[in-house]
Amino acid sequence: MLVCLFEPDIAQNTGSMIRLCACMGTPLHIIEPCGFPFDDKRMRRVAMDYFDIVSLTRHLSWKQFLEWKQYIDPSQNQSPKRLVLLTTRGTQSFTDFAFRPNDILLLGRESSGVPDEVRAAADASVKIPVQSGARSLNLVQAASMVLSEALRQTNGLPG
């Protein structure tokens, strides 16, 4: 299980996501470009000491991420990684979705989500049901809810 941010816009959210992934023992992948300067000094300030304990991978582009996703190490007996998009336009509630241990939980930009080509590449899309009239949760709040459920279902919760 891992979390992936597609071209994040807000450094503070990325810092909070680093903290979430560090605490949950979940790798974090970031697809660039980011909407802010991503350098170690700035990210260390927003992610605090969690920056040192998270497993962080940066991809310079969507294309580079897709190339990485397609690689399967035969010595690790891995199955293909499934891309699960968290979106307000998801086809089913995250609580009704059957997660797998090798899923990639993909979250889009805070300002605009993901473009159609990214949406089309997803193997599944899930949503968090919210009150009528509310648009969406904060990116990290949404990731926390869905990641917790995914880890619970796959016996991957820490401790």
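So the values come out like this:
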| item | result |
| --- | --- |
| From the options Arg152, Arg135, residue that is closer than 16 Å to Leu2 by Cα and among the basic types (Lys, Arg) | Arg152 |
| Top-ranked residue in segment 86-108 [being under 14 Å from Glu7 (Cβ atoms) and hydrophobic (A, V, I, L, M, F, W, C); ranked as surrounded by the fewest Cβ atoms within 10 Å (Cβ to Cβ)] | Leu107 |
| Cβ pairs under 7 Å, 6+ apart, first in segment 109-124 and under 15 Å from Val3 (Cβ atoms) and in contact (Cβ under 8 Å) with a residue 60 or more places away in the chain, second of a type in the set (A, V, I, L, M) and surrounded by 13 or more Cβ atoms within 10 Å (Cβ to Cβ) | Glu110/Ile10; Glu110/Leu139; Val114/Leu85 |
| Count of residues meeting criterion [loosely packed, with under 10 Cβ neighbours inside 10 Å and of a type in the set (Ser, Thr, Tyr)] in segment 117-138 | 1 |
| Residue list for segment 91-112, filter: in contact with a Leu (Cβ under 9 Å, 6 or more places away or on another chain), assigned to a strand (DSSP E or B) and either farther than 24 Å from Asn155 by Cβ or among the polar types (S, T, N, Q) (or both) | Arg109 |
| Number of positions in segment 56-81 that are in a loop (DSSP other than H, G, I, E, B) and either modelled with pLDDT under 95 or touching a Leu at 6+ places or on another chain (Cβ under 9 Å) (or both) | 8 |
| Near pairs, Cβ below 6 angstrom, 6+ apart or cross-chain, from segment 1-17 (under 28 Å from Pro80 (Cα atoms) and without any contact (Cβ under 8 Å) to a residue 60 or more places away in the chain) to any residue that is surrounded by 22 or more Cβ atoms within 10 Å (Cβ to Cβ) and not charged (D, E, K, R) | Thr14/Pro8 |
| Selection within segment 36-55 - modelled with pLDDT of 75 or more, loosely packed, with under 15 Cβ neighbours inside 10 Å, on the phi < 0 side of the Ramachandran plot and not hydroxyl-bearing (Ser, Thr, Tyr) | Pro37, Asp49, Asp52, Ile53 |
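For every residue, the table says whether it meets (1) within 20 Å of Met17 (Cβ to Cβ); (2) assigned to a helix (DSSP H, G or I); (3) in contact with a Cys (Cβ under 8 Å, 6 or more places away or on another chain).
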| residue | (1), (2), (3) |
| --- | --- |
| Ala120 | no, yes, no |
| Gln131 | no, no, no |
| Leu151 | yes, yes, no |
| Asn155 | no, no, no |
| Pro158 | yes, no, yes |
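The values are calculated or read from the model by the stated rules, or taken from the named source; none is laboratory data. Just so it is clear, the model here is predicted, and its values are computed rather than measured. Glycine gets a Cβ as well: all are built from the backbone with ideal geometry, and neighbour counts include every protein chain shown.
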